[in-house]
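Please read the structure below before turning to the comments.
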Amino acid sequence: MGKRIIQQARGHGSLSYRAKKSAFKYEINYPRLKAPAEGIVKELLHSPAHSSPIARIIVSGIGSRFFYNPACEGMIEGQRIGIGNGSKPGDIVPLSEIPVGTRIYNVELHPNDCGKAVRTGGSSAIIIRKGTGGVSVMMPSKKEIILDGKCRATIGVIAGAGRLEKPIIKAGKMHHMKKARNKLWPRTSAVKMNAVDHPFGSGRGKRIKSKIAKRNAPPGARVGLIRPSKTGRGK
């Protein structure tokens, strides 16, 4: 009798395929303020769930209110940043008030959604033009998107660039890196499995099974390329 394939086991949500809650203890967001304010970088923190250092920022004049935001390159503890206005790295400003050609990160896709895009260490987007329809932003993937001018973003480039340049050296280090974020590693190729472990398993020699699942396949068999746009050899 076969066993559940790994996709089913991960979906079941057992402890073997669940990330530690402590990895996601820092929630990145922007404060909702009625008027521009000033923030102070209280400390820079390490977060296993993020690829860049996290800055704990206290809003001046509002008691103990604080929030977390990815740190920019050159940010230091004790630095003062603008919330709602400013032009230096680390300031949180609406897109309509940021000059064209400025590098930004942690961009809101909708006003007050607390930042959803460009949050990977070392990445940044660029404001390329402004118009009546909104602000055009060039994403790290070179794709241009148009956003509402009320959407906020942080000026600068996220810290943590070059994190992938250092070699891993040992498999144990990669194991702990992936486990902290609940990533599947190591990944075994489906065609190298047994027939009881995966729909693409078995197949001797080069007789590899198709990597296209049937359109109405049950959950355990919905693997590979699901509902491709077209099949067959292009002419």
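The values are calculated or read from the model by the stated rules, or taken from the named source; none is laboratory data. All of these numbers come straight from a predicted model, not from anything done at the bench. Neighbour counts are summed over all protein chains in view; Cβ atoms, including those assigned to glycine, are modelled from backbone coordinates with ideal geometry.
The test for being among the small types (Gly, Ala, Ser), under 30 Å from Ser14 (Cβ atoms), out of contact with any Lys or Arg (no Cβ under 7 Å at 6 or more places or on another chain) and in a loop (DSSP other than H, G, I, E, B) holds for Ala217.
Restricting attention to the stretch 182-211, and to residues there that are surrounded by 11 or more Cβ atoms within 10 Å (Cβ to Cβ), of a type in the set (S, T, N, Q) and under 30 Å from Ala23 (Cα atoms), which single residue is modelled with the highest pLDDT? Here the residue is Thr188. Within the stretch 84-105, residues that are in contact (Cβ under 8 Å) with a residue 40 or more places away in the chain have Cβ atoms under 7 Å from residues that are aromatic (Phe, Trp, Tyr) in these pairs: Ile92/Tyr30, counting only partners at least 6 apart in sequence or on another chain.
Tell me whether the stretch 81-101 contains one or more residues that are in contact with a strand residue (DSSP E or B) (Cβ under 7 Å, 6 or more places away or on another chain), among the acidic types (Asp, Glu) and surrounded by 14 or more Cβ atoms within 10 Å (Cβ to Cβ). Yes. Annotation for the stretch 30-43: no member residue is at positive phi, surrounded by 14 or more Cβ atoms within 10 Å (Cβ to Cβ) and touching a residue at least 60 places away in the same chain (Cβ under 8 Å). Ser141 fulfils the conditions (1) within 12 Å of Gly156 (Cα to Cα); (2) out of contact with any strand residue (DSSP E or B) (no Cβ under 6 Å at 6 or more places or on another chain) except for a single criterion, (1). Listed by first and then second residue, the pairs linking a residue in the stretch 118-132 that is within 13 Å of Asn106 (Cβ to Cβ) to a residue that is of a type in the set (Lys, Arg), with Cβ atoms under 6 Å apart and 6 or more places separating them unless they lie on different chains, are Gly121/Arg163; Ser124/Arg103. The set of residues in the stretch 58-80 being within 16 Å of Ala159 (Cα to Cα) and in contact with a strand residue (DSSP E or B) (Cβ under 8 Å, 6 or more places away or on another chain) consists of Tyr68, Asn69, Pro70, Ala71, Cys72, Glu73, Met75, Ile76, Glu77, Gln79.
Considered as a group, the residues in the stretch 112-149 that are surrounded by 15 or more Cβ atoms within 10 Å (Cβ to Cβ) and of a type in the set (S, T, N, Q) include one that is farthest from Met75 (Cα to Cα), and that residue is Ser136. Taking first residues from the stretch 69-81 that are outside the structural domain of Arg56 (by TED's automatic domain parsing) and partners that are modelled with pLDDT of 95 or more, no Cβ contact under 7 Å between residues at least 6 apart in sequence or on separate chains turns up. In the set (1) exposed (fewer than 11 other Cβ atoms within 10 Å of the Cβ); (2) over 19 Å from Ser47 (Cβ atoms), the condition left unmet by Lys166 is number (2). Of all residues in the stretch 157-172, those satisfying the criterion of being of a type outside the set (Asp, Glu), over 19 Å from Asn106 (Cα atoms) and part of a loop (DSSP other than H, G, I, E, B) are Leu164, Lys166, Pro167, Ile168, Ile169, Lys170. Taken as a whole, the structure places Lys3 among residues that are exposed (fewer than 12 other Cβ atoms within 10 Å of the Cβ) and touching a helix residue (DSSP H, G or I) at 6+ places or on another chain (Cβ under 9 Å). Each residue in the stretch 44-61 was checked for being within 12 Å of Gly121 (Cα to Cα) and in contact (Cβ under 8 Å) with a residue 60 or more places away in the chain, and 5 of them qualify.
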